[in-house]
1. Take the residues of segment A:95-110 that are of a type outside the set (G, A, S) and crowded, with 18+ Cβ neighbours inside 10 Å: which is farthest from the chain's Cα centre (by Cα)?
2. Output yes when any residue across segment A:378-388 is touching a helix residue (DSSP H, G or I) at 6+ places or on another chain (Cβ under 6 Å) and charged (D, E, K, R), and no when none is.
3. So, in segment A:74-90, exactly how many residues are of a type in the set (G, A, S), over 27 Å from the mean Cα position of the chain (by Cα) and either surrounded by 20 or more Cβ atoms within 10 Å (Cβ to Cβ) or over 16 Å from A:T113 (Cβ atoms) (or both)?
4. Quick one: count up the residues across segment A:111-137 that are buried (at least 17 other Cβ atoms within 10 Å of the Cβ) and part of a loop (DSSP other than H, G, I, E, B).
5. From the list A:V135, A:V143, A:V127, A:V120, pick out the single residue that is more than 29 Å from the chain's Cα centre (by Cα), at pLDDT below 95, β-branched (V, I, T) and more than 16 Å from RNA strand B (Cβ to nearest atom).
6. Exactly one of (1) in a strand (DSSP E or B); (2) within 13 Å of A:I220 (Cα to Cα) is unmet by A:L11. Its number?
7. Output the qualifying pairs, or none if there are none: Cβ atoms under 9 angstrom, residues six or more apart or on different chains, first residue in segment A:254-268 and under 10 Å from A:F301 (Cα atoms) and charged (D, E, K, R), second residue near RNA strand B (Cβ under 7 Å from one of its atoms) and not in a loop (DSSP other than H, G, I, E, B).
8. Answer yes or no as to whether A:A421 is buried (at least 18 other Cβ atoms within 10 Å of the Cβ) and assigned to a helix (DSSP H, G or I).
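The values are calculated or read from the model by the stated rules, or taken from the named source; none is laboratory data. Note that the structure is a prediction, hence the values are computed from the model and not measured. Every residue, glycine as well, gets a Cβ built from its backbone with ideal geometry; the counts of neighbours run over all protein chains shown.
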Amino acid sequence: MKLYNTLSRRLEELKVDGNTVRMYVCGPTVYDLIHIGNARPMIVFDALRRYLESRGYTVIYVQNVTDIEDKIIRRAQEEGRTADEVAAHYTEEYFRDLAALGVARPTHSPRATAYVPQMVAFVEQLVASGHAYVVDGDVYFSVESFPAYGKLSGRAREEQEAGARVEVDEKKRHPGDFALWKRSKPGEPSWPSPWGEGRPGWHTECVVMSRDLLGETVDIHAGGSDLIFPHHENELAQAEAATGKPFVRIWLHNGLLTVRGERMGKSVGNFAYARDVVGKYGGEAVRYFYLARDWRKPLDFSDEAVAEAKRTVDRVYDFLWAAEALPDAAPSEPLPELAALEERFHAVLEEDFTTPGALGVLQEIVGVGHARRQAGDLGGAKAAATLVRRLGGSLGLFGTPRPATSALADDLIQLLVELRAELRTAKQFALADRVRERLFALGVELRDGPEGTRWALRPPSPEPGARAGEG
RNA sequence: GGCGGCGUAGCCAAGCGGCAAAGGCGAGGGACUGCAAAUCCCUUAUUCCCCGGUUCAAAUCCGGGCGCCGCCUCCA
């Protein structure tokens, strides 16, 4: 499989040792609920993980939880709670949102506060090797000590000064230097260190946790494109300065979510909480919405766009459930077109995980299924449905089983259908329509056709967390 | 200013040098219907922001424009 590597700015073959993929995806800072834009990398890289697994890889998937950070401290002060309480609360909410989005739990979800001693040791190592220096209880990484600094984001160190909008911190030797350890102010959460009470700076946790859980070189490190600089650049510098080995084989960065062309962000105020969107349209519609757009490109969010995705998903289910309710039958003839479509599905994904193309193929398979059914080839229709289930499942889509009804319910519905047929024959249309409407309200849709009335269960209306997926 | 990306039908969106440019939504037409819904079938880009160039052949490669976006500050 080829993936676009931010570092080399080209497509690269994913090469791993054995068949295990070691993957690290930057997770949330738990100071608030995640918004729908935050969900993009979680869904996209979850889909990548599932796809790799479906292709026979074992994936070790790590996503951190940043539970100590300025925004958490601020929030705690505002609410009169401790930083720990705030972090614990939003960590729990984050996992809830993840489940509602149908995102499988990461193999590991390390919390930064559980790694402070390791981070201290790591920083000590950088100080000892001359890559970091101590000033007044703070520790900074020296970008000048790492000549390759800037290779990920394509920035030269000298450029850090020109146009810099940040006031230069007097303590730093070079404006590009960044904090590895921050001295804590009174009343702030703090941990002991050789440099006094303090807390870890940004960037360091990912390096330390990644190394601990995945080793010195990981296959994939992913996150939003806004993290390229400075976050990932700084991670790379620390890690490679410390080990002298490549930190990451392939860097992946997803495009950002926009609203009317402008980036969605908490500070811009144009955001929607993930759970609100999921509550409205369902987690699967959100997933489809994201996967219908190339993961590297910006994606414009609107209610209409997600509603469209939901319509599309519902129609696929309509086909699946109808086909699965058909009596068992073997395809009346071999279906080479299905094999060809399956091949195309994989070919498209092998080339930079182009999920929109893959979804297009899935739609074509649905089309084949419809055509087979129309031609009276029930087995062919079922074969198409099975394929949609399998391929969709490899991306975390179309896994909801046909809602089970009891034999009694089936009989009762059938009874009403027959009753309504008699009413229609007797031209009692008002009553007949009432039966139809009441059943519809209960989620049963009547479909009158040439060969009589069939009924189908409507795709479920979304409820938050209703379709929580795992594995 | 520096770095990166994008511009394909009404909208969304694949396409990475060569079949008449996937697919979805919407729209229009048809079948079906007591009406409706749903479903099915058909139609919907002679052309890919513009101008040059390379090539037998370009949406796809190169050069130059125009427009939009992101990062350079915490941010998925």
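1. A:P110
2. Looking through segment A:378-388, at least one residue is touching a helix residue (DSSP H, G or I) at 6+ places or on another chain (Cβ under 6 Å) and charged (D, E, K, R).
3. 1
4. 1
5. Going through A:V135, A:V143, A:V127, A:V120 in turn, the sole match is A:V135.
6. (2)
7. A:R260/A:D300; A:R263/A:D226; A:R263/A:L257
8. In short, no.
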